[in-house]
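The values are calculated or read from the model by the stated rules, or taken from the named source; none is laboratory data. The structure displayed is predicted, hence computed values, not measured ones. A quick note on method: Cβ atoms are made from the backbone with ideal geometry, for glycine too, and the neighbour counts reach across all protein chains shown. Heavy atoms of the whole protein, side chains included, go into the accessibility calculation; ligands, DNA and RNA do not. Shrake-Rupley method; radii C 1.70, N 1.55, O 1.52, S 1.80 Å.
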Amino acid sequence: MVLKLTPKMNKKIFIKTFGCQMNEYDSNRIFDTVKKIGFIKTKNLEETNCYLLNTCHIRDKAKDKVYHDIGRIKKKFRSKKKPLVIVTGCVAQAENEEMLKREPYIDLVIGPQAYHKINDKIEEYLNNQKKIDETEFDTISKFNYLRNIKNSSNSTSSFLTIQEGCDKFCHFCVVPFTRGPEYSRPFKEIIDEAKILAANGVREITLLGQNVNAYNYNSFRLSNIIFEIEKIPEILRIRYTTSHPVDMTNDLIEVYGVSKKLMPLIHLPVQSGSDKVLKLMNRKHKIKDYFEIYKKLKEINSAIEFSSDFIIGYPGEDDSDFKKTLDLIKKLRFINSYSFIFSPRPGTVASRSKLIDKETSTKRLEIIQKELFNNQIKMNKSQENNIVDVLVENKTKEGNKFFGRSEHMTPVIFDANNDDVGKIVKVKIEQYNRNTLFGRIVRKSKLRVA
Ligand code: SAM
Ligand code: SF4
Ligand code: F3S
């Protein structure tokens, strides 16, 4: 059955997002765009007539999930009218033609730098019923187009992409191939978008980029953006991710000494504790550099904590390299980190290297994760009986408690009122587990006059 969407028909889009925060931001912006041609969002698969899957290609499993998901949709709609199926994101970029061949259920494949063309491409497909592969890198046109489409995000905490793409070409990574070259959005455009978000009710902005601290537009740097957003009164908290050690410049480090709104958690991926492995990865930083950054930041503000990314079992990693990674984790006590076994990505330099055996990498990953989880638990335990500032985001799914995050991004669950959403409240921590803190709000008691 061929899909026809008529102007009178309710066009309902179901968007599923895999991958990083940038994909989440993109999914929201894609929705802001397709709204212009009459789509409304649905969370009910049964009633959708457009299924959009925004994909991630960072590891093999991420790609497998995509085909698995499309297979599930195919089954679900076996005896119904087929929805329009669009695949966007990094798998779309990397597998484009291949994807349309392997899974004919897919109608359109649109790469991350071509989202500004999505409405035209949907209409073209509906008119001609011919599969579409649109994966040109046209980042400037994309942001020029999107700047005229209001960002409708109104959640308490929201993302804002300031930089996209990567020129660093770490030997393991597909991102330079899927997102294209580094691009920094114009400074004013970013501040305008931040003001729109503030007016929508957003209270925390997380600035995004594949190398967010490499942001450089007419000599405006990330530090300038932070200072400018700090001036927006409604914005209470600022974060950024993902930063690269090489771009952790002094101007950015110094912001931590003066900013009242920049949160004291820095996600700074190190990948390995061994200089030998870092060189094999083409990371362009050494462990000594990482320690220096760590030290400078701790000196500026001892409350600053770090989280990181680790790749375990990288080709060439021997026992002594692995031990260096373990030692680094023991020394720096990252409070929350991501760790994965190396996954060879097609087209990357490391995909041509000899893999180390799976049993060894699995064992190493277990050891690393045990250590990382211990750090996480210790950090949460240290908060017991403390009063922490929490930005209240929403009600929990069960609906009887509220959810927010501490300054260090740790989820906190507590009792609150609807009026507290969007505000920073003081929560006394009474219990904890590895991922979450639990407590109660400490309210200022009103003085009673006798
Ligand atoms: N730009 C960031 C940086 O350089 O630190 C990283 C962005 S990447 C989207 C997120 C993380 O995915 C990386 O830090 C790395 O740990 C992990 N990653 C990337 N390629 C990988 C691969 N081939 N195998 C396993 N993990 C990988
Ligand atoms: Fe990938 Fe390296 Fe670029 Fe990060 S810096 S996105 S890991 S190539
Ligand atoms: Fe994945 Fe692409 Fe983000 S590969 S991690 S969705 S940049």
When (1) over 30 Å from residue 171 (Cβ atoms); (2) out of contact with any Pro (no Cβ under 9 Å at 6 or more places or on another chain) are applied to residue 303, the one that fails is (2)
Count - residues of the stretch 293-342 that are at pLDDT 95 or above, open to solvent by 20 Å² or more (accessible area, probe 1.4 Å) and at positive phi:
1
Keeping to the stretch 193-250, report how many residues are within 14 Å of residue 261 (Cα to Cα) and either among the hydroxyl-bearing types (Ser, Thr, Tyr) or open to solvent by 50 Å² or more (accessible area, probe 1.4 Å) (or both).
11
Kindly indicate the residue of the stretch 407-421 that is of a type in the set (D, E, K, R) and assigned to a helix (DSSP H, G or I) and also most open to solvent (accessible area, probe 1.4 Å) among those meeting that condition.
419
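Output yes when any residue across the stretch 181-194 is away from ligand 2 (no atom under 16 Å from the Cβ), of a type in the set (Val, Ile, Thr) and within 22 Å of residue 29 (Cα to Cα), and no when none is. Break it down into steps so the answer makes sense when it comes.
The first filter runs over the stretch 181-194 and keeps only residues away from ligand 2 (no atom under 16 Å from the Cβ), leaving 185-194.
Narrowing further to those that are of a type in the set (Val, Ile, Thr): 190-191.
Checking the rest, the ones that are also within 22 Å of residue 29 (Cα to Cα) come to 190-191.
Yes.
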Tally the residues that are among the acidic types (Asp, Glu) and under 22 Å from the mean Cα position of the chain (by Cα), restricting the search to the stretch 41-77.
3
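Let me confirm something: among 396, 436, which residue is closer than 25 Å to residue 329 by Cα and either outside the structural domain of residue 237 (by TED's automatic domain parsing) or not polar (S, T, N, Q) (or both)?
Details: 396 fails: closer than 25 Å to residue 329 by Cα.
Result of the check over 396, 436: 436.
Which of the residues that make up the stretch 126-136 are assigned to a helix (DSSP H, G or I) and surrounded by 15 or more Cβ atoms within 10 Å (Cβ to Cβ)? Quick ask: steps written out before the conclusion?
Taking the stretch 126-136 as the starting set, the residues that turn out to be assigned to a helix (DSSP H, G or I) are 126-128.
Passing the criteria: only 126.
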In the stretch 137-163, anything within 16 Å of ligand 1 (Cβ to nearest atom) and surrounded by fewer than 18 Cβ atoms within 10 Å (Cβ to Cβ) is listed as none
Going through the stretch 10-39 one residue at a time, which ones are more than 16 Å from ligand 1 (Cβ to nearest atom) and in a strand (DSSP E or B)?
11, 12, 13, 14, 15, 16, 39
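Every residue, every condition in (1) in contact (Cβ under 8 Å) with a residue 40 or more places away in the chain; (2) open to solvent by 10 Å² or more (accessible area, probe 1.4 Å); (3) in a helix (DSSP H, G or I), yes or no:
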| residue | (1), (2), (3) |
| --- | --- |
| 105 | no, yes, no |
| 109 | no, no, no |
| 113 | yes, no, no |
| 117 | no, yes, yes |
Those residues that are β-branched (Val, Ile, Thr) and within 26 Å of residue 337 (Cα to Cα), I need them from the stretch 226-242; list them, please.
226, 238, 241, 242
Does the stretch 66-83 contain at least one residue that is open to solvent by less than 20 Å² (accessible area, probe 1.4 Å), away from ligand 2 (no atom under 16 Å from the Cβ) and either small (Gly, Ala, Ser) or touching a residue at least 60 places away in the same chain (Cβ under 8 Å) (or both)?
yes
Of 170, 166, which residue is within 16 Å of ligand 1 (Cβ to nearest atom), under 24 Å from residue 239 (Cα atoms), in the same structural domain as residue 220 (by TED's automatic domain parsing) and modelled with pLDDT of 95 or more?
166
Just wondering, is there one or more residues in the stretch 348-363 that are open to solvent by less than 30 Å² (accessible area, probe 1.4 Å) and either of a type in the set (D, E, K, R) or at pLDDT below 95 (or both)?
no
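Condition check: in contact with an Asp or Glu (Cβ under 6 Å, 6 or more places away or on another chain), open to solvent by less than 40 Å² (accessible area, probe 1.4 Å) and within 16 Å of ligand 3 (Cβ to nearest atom). Does residue 180 satisfy that? I'd like the intermediate steps shown before the answer.
Details: in contact with an Asp or Glu (Cβ under 6 Å, 6 or more places away or on another chain): no; open to solvent by less than 40 Å² (accessible area, probe 1.4 Å): yes; within 16 Å of ligand 3 (Cβ to nearest atom): yes.
So residue 180 fails the test.
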Of 2, 91, 66, 87, which residue is modelled with pLDDT under 95 and within 21 Å of residue 210 (Cβ to Cβ)?
66
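Any idea which of 109, 85, 91 is under 18 Å from the mean Cα position of the chain (by Cα) and not assigned by TED's automatic domain parsing to the domain that holds residue 351? Show your work before the answer.
Working: 109 fails: under 18 Å from the mean Cα position of the chain (by Cα); 85 fails: under 18 Å from the mean Cα position of the chain (by Cα).
The match here is 91.
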